[in-house]
Amino acid sequence: MEQFPTLESNRLLLREHIDKDLNDFYEIISNKEAVKYWGTPPLIDLSVVEEKFYAIKKHLEQGFSISWAIILKDNDKYIGNIKFFDISKRHNRGNIGILLSPLYWNQRIATEASKLVIHYLFVELNVNRIQAFIDSKHSISLKTFQSLGFRNEGLLEEYEYEYENNCFKDLYLLSLLRKNYDRK
């Protein structure tokens, strides 16, 4: 990829992560509510967060993932990220995931950002399949992806370990195929 794919809507700018995003990234990834459905505890140690933040560019260069910073255009505020990861070039598929500050939940930002990324993946990268693994307790995320045309392929029982409650949790596997993509 020669140039990072910047994507834009009326409210959002999806761009490459830059150094000035680190503090906002830390605020989100260390927030217990923000990572509640991610299957990992909040990251409090700044050195660990920095390592994760700077790995974003390395993973892009290695072809493992593409991670966009989600920026509100009206105030240039970093509010989260959306990424396409676990990319399989052989099978032309990967997973989509969103990490958004709880201050911006329930404002259709996840839907808006996802539409931009999905369009890019299907039209520009010619991806065949996009998958989303959704915590079975995260009904809002499930509804968001279903509204985007993702089909629920089933429940993966005790698929991921939940650190906070010291137990395994169930995830839904959803997918959207290029042939079923509605370009509206």
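The values are calculated or read from the model by the stated rules, or taken from the named source; none is laboratory data. Only a predicted model underlies this, so the values are computations on that prediction, with no experimental measurement involved. We place every Cβ from the backbone using ideal geometry, glycine too, and count neighbours over all the protein chains shown.
PHE64 meets all of the listed conditions (1) without any contact (Cβ under 8 Å) to a residue 40 or more places away in the chain; (2) touching a Pro at 6+ places or on another chain (Cβ under 9 Å) but one, namely (2). Examine the stretch 104-112 for a residue that is modelled with pLDDT under 95, in contact with a helix residue (DSSP H, G or I) (Cβ under 8 Å, 6 or more places away or on another chain) and of a type outside the set (A, V, I, L, M, F, W, C), and state whether such a residue exists. Within the stretch 104-112 (the criterion being modelled with pLDDT under 95, in contact with a helix residue (DSSP H, G or I) (Cβ under 8 Å, 6 or more places away or on another chain) and of a type outside the set (A, V, I, L, M, F, W, C)), the answer is yes, since at least one residue qualifies.
Within the stretch 123-163, being assigned to a helix (DSSP H, G or I) and either among the β-branched types (Val, Ile, Thr) or more than 12 Å from the chain's Cα centre (by Cα) (or both) holds for VAL123, GLU124, SER139, ILE140, LEU142, LYS143, THR144, GLN146, SER147.
Residues are listed down the side, and each one gets a yes or a no for (1) among the hydroxyl-bearing types (Ser, Thr, Tyr); (2) closer than 22 Å to ALA132 by Cβ; (3) in a strand (DSSP E or B); (4) over 17 Å from the mean Cα position of the chain (by Cα):
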site	(1), (2), (3), (4)
PRO5	no, yes, no, no
LEU14	no, yes, yes, no
TYR54	yes, no, no, no
TRP68	no, yes, yes, no
GLY80	no, yes, yes, no
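Taken over the stretch 105-128, the residue count meeting the criterion of being hydroxyl-bearing (Ser, Thr, Tyr) and buried (at least 17 other Cβ atoms within 10 Å of the Cβ) is 2.
Among the residues of the stretch 2-49, those identified as closer than 24 Å to LEU116 by Cα, among the hydrophobic types (A, V, I, L, M, F, W, C) and touching a helix residue (DSSP H, G or I) at 6+ places or on another chain (Cβ under 7 Å) are LEU7, LEU12, LEU14, LEU22, PHE25, ILE29, ALA34, VAL35. None of ASN81, ASN75 is surrounded by 15 or more Cβ atoms within 10 Å (Cβ to Cβ), polar (S, T, N, Q) and at pLDDT 95 or above except ASN81. Selection of the stretch 25-52 for residues being part of a helix (DSSP H, G or I), surrounded by 17 or more Cβ atoms within 10 Å (Cβ to Cβ) and in contact (Cβ under 8 Å) with a residue 40 or more places away in the chain yields PHE25, ILE28, ILE29.
Within the stretch 155-184, residues that are closer than 24 Å to GLU33 by Cβ have Cβ atoms under 7 Å from residues that are part of a strand (DSSP E or B) and among the β-branched types (Val, Ile, Thr) in these pairs: LEU171/ILE134; TYR172/ILE134; LEU174/ILE134, counting only partners at least 6 apart in sequence or on another chain. Here the stretch 88-122 is the region considered, the condition is being in contact with a strand residue (DSSP E or B) (Cβ under 8 Å, 6 or more places away or on another chain) and part of a loop (DSSP other than H, G, I, E, B), and the residue that is farthest from LEU177 (Cα to Cα) is SER101.
Scanning the stretch 159-184 for residues that are surrounded by 11 or more Cβ atoms within 10 Å (Cβ to Cβ) and either of a type in the set (Asp, Glu) or touching a Cys at 6+ places or on another chain (Cβ under 9 Å) (or both) yields a total of 5.
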